[in-house]
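J.: One structure follows; several queries about it will come next.
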Amino acid sequence: MSSFTEVEGRLSEEDVARESSRCLDCAVCSECLECVAACGRNAVNHADEPERVEVRAGTVVVATGFDTFDPAIAPQWGYGRFDNVITALQFERLTNASGPTGGKIVLKDGSTPRRVAILHCIGSRDDNYYKHCSRICCMSSVKTAHLVREKTRAEVYNFYIDMRTFGKGYEEFWKRVQEEGVHFIRGKGAEVAQKGGALVVRAEDTLLGVYREIPVDMVILSPALIPRKDAQDVARLFGLQRSPDGFFLEAHAKLDPMGTSTDGVYVAGACQGPKDIPDSVAQGAGAAARALQYLARGEAPVSAVIASIDEELCGGCKICLPLCPYAAISFDEAAKVSRVTEALCKGCGTCVASCPSGALHARHFERDQIMAQIERMVAV
């Protein structure tokens, strides 16, 4: 109950009898293989070993998800310092019937809370941590408030910056929770302190223009949705770009929200940016459709504007290799020259500008062509 570690109690006599009837009396496995003979579906394989499988794929849908902000690195909110300061995910486990308390909302000492505070935007919309909005926090906090009121009838205080109820039916649900008696205080919870053994949430009420201290029994934090720790490794593997907030960058926010800078690679879900379940499902279906559309062509279209290398001029300096943002240039060790993989090249021109020997050229953007365009424009 104090750590949310899942545990199981002792079995009843009926459970012991039922489980023992299934036992083969082998205790610690001695590789007698009796379980193989007993399994009617041939599901037991003692000879199986871990293996690495390589799959040749024509398209890839990247749906690696997100991480959540760790409130422990921000001591002002009391997470990890004070009892009964929990995250929204831990609260979900409390309310779950299979959770550590059997679905009951209780404090560490087993009592029912009478006053609960819910703090929005923990780590998000914050210049000290993450500047982006996590989108789901407002509605997940409103849902949390509804569950607390429904199960405990406790006084609930929601500390928020702005309420962003953007989804279908969200505004109506927010009004319903207000009618249930939940208190909404427009002001970010600045600090969670302990005074006289009780928790105190300190915040500025920006609507009333006053400083407030609210004593509560439990504090529920809504942490930010942030990029995964391995996002940079995944981006490097698939040639993806990342937006300033660290999430994978789509080809176009409006015209191609599933596409990426690499043909045949698509993004779906919260790895592209914070979003709720309906939006994640919609983007996942769209990414799957785009992947099937790409496969149905049977061949990959290549842009006419790509880089090419004059191997006679290439000096093998390898300067262009790390500069290519799409990993489209490789080095032939036998011939000691660089080569362009046309299917990966996007014709950005970065390698052309950096080549000291002038061996790299951008097709359809040769010097005489560009000069001809300039002369035509000046003539007009």
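J.: Evaluate 2.2 N^0.38 Å with N set to the residue count of segment 67-226, then give the Cα radius of gyration divided by it.
T.: 0.97
J.: May I pose another question? Give me R52, R164, R153 ranked fewest to most by other Cβ atoms within 10 Å of their Cβ, as a rough exposure proxy. Working shown, then result.
T.: Numbers: R52 4, R164 16, R153 12.
Ranking R52, R164, R153 by Cβ neighbours within 10 Å, fewest first, gives R52, R153, R164.
J.: Also, I was wondering about something else. Tell me the net charge near A154. Cut-off is 9 Å between Cβ atoms, A154 excluded, with +1 for each Lys or Arg and -1 for each Asp or Glu.
T.: On the way: positive: R114, R115, R149, K151, R153; negative: E155, D217.
Neighbour charge sum, excluding A154 itself: +3.
J.: Within the set of other residues whose C-beta is less than 14 Å from the C-beta of F82, count the net charge using Lys and Arg as +1 and Asp and Glu as -1.
T.: 0
J.: Segment 235-287: which trypsin sites (Lys or Arg not before Pro) are DSSP loop and have at most 13 other beta-carbon atoms within 10 angstrom?
T.: Loop-located and lightly packed - K254.
J.: Any idea what the relative contact order of the chain is, in percent, if you count C-alpha pairs under 8 Å spaced at least 6 apart?
T.: Here the relative contact order equals 15 percent.
J.: Can you give the % of DSSP beta bridges in the chain that are antiparallel, to the nearest 5?
T.: About 55 percent, rounded to the nearest 5.
J.: Here's something else I'd like to know. List the trypsin sites (Lys or Arg not before Pro) within segment 203-234 that DSSP assigns to loop and that have no more than 11 neighbouring Cβ atoms inside 10 Å.
T.: Here the trypsin sites (Lys or Arg not before Pro) that fit, given the DSSP loop and packing criteria, are K229.
J.: Can you give me the span-like helices of the chain, meaning DSSP H runs with 24 Å or more of Cα extent along the axis and Kyte-Doolittle mean at or above -1.0?
T.: Counting only whole DSSP H runs, the qualifying helices are 277-296.
J.: What are the lysines whose alpha-carbon lies under 22 Å from the alpha-carbon of K188, with same-chain residues fewer than 8 places away excluded?
T.: List returned: K131, K143, K175, K275.
J.: Over segment 307-379, what is the relative contact order in percent, taking alpha-carbon pairs closer than 8 angstrom and at least six residues apart?
T.: 38 percent
J.: Using DSSP to define loop residues, name the trypsin sites (Lys or Arg not before Pro) in segment 277-338 whose beta-carbon has at most 15 other beta-carbon atoms within 10 Å.
T.: Sparse-neighbourhood loop trypsin sites (Lys or Arg not before Pro): R297, K318, K336.
J.: Shifting gears a bit: Can you tell me which lysines have their Cα less than 17 Å from the Cα of K336? Leave out same-chain residues fewer than eight positions away.
T.: Candidates past the 8-residue exclusion: K318.
J.: Something else about it: Under 1.5 on a/c is rounded, so check that first for the chain, then, if it is not, pick prolate when a/b is larger than b/c and oblate when it is not; a ≥ b ≥ c are the square roots of the alpha carbon gyration tensor eigenvalues.
T.: oblate
J.: Please report, in debye to the nearest 20, how large the charge dipole of segment 187-247 is about its Cα centre when each Lys and Arg carries +1 at its beta carbon and each Asp and Glu carries -1 there.
T.: Dipole size: approximately 200 debye.
J.: May I ask for the net charge around L225, where only other residues with Cβ less than 14 Å from the Cβ of L225 are counted and Lys, Arg are +1 while Asp, Glu are -1?
T.: +1
J.: Continuing with this model, one more query. Which residues' amide hydrogens lie under 5 Å from the amide hydrogen of K188, considering only partners 5 or more residues apart or on another chain, with H built in the peptide plane?
T.: Correct list: E204.
J.: With each run of n ≥ 4 DSSP H residues scored as -39500 (n - 2.57), what mean residue ellipticity at 222 nm is computed for the chain after dividing by its residue count and rounding to the nearest 500 deg cm²/dmol?
T.: My calculation for the chain gives -7500 deg cm²/dmol from helical runs alone.
Here, each number is a calculation from the coordinates, and none is a lab measurement. For clarity, every value in this text was computed on a predicted model and none was experimentally measured. Please note: Cβ atoms are built from the backbone with ideal geometry, for glycine as well, and neighbour counts cover all protein chains shown.
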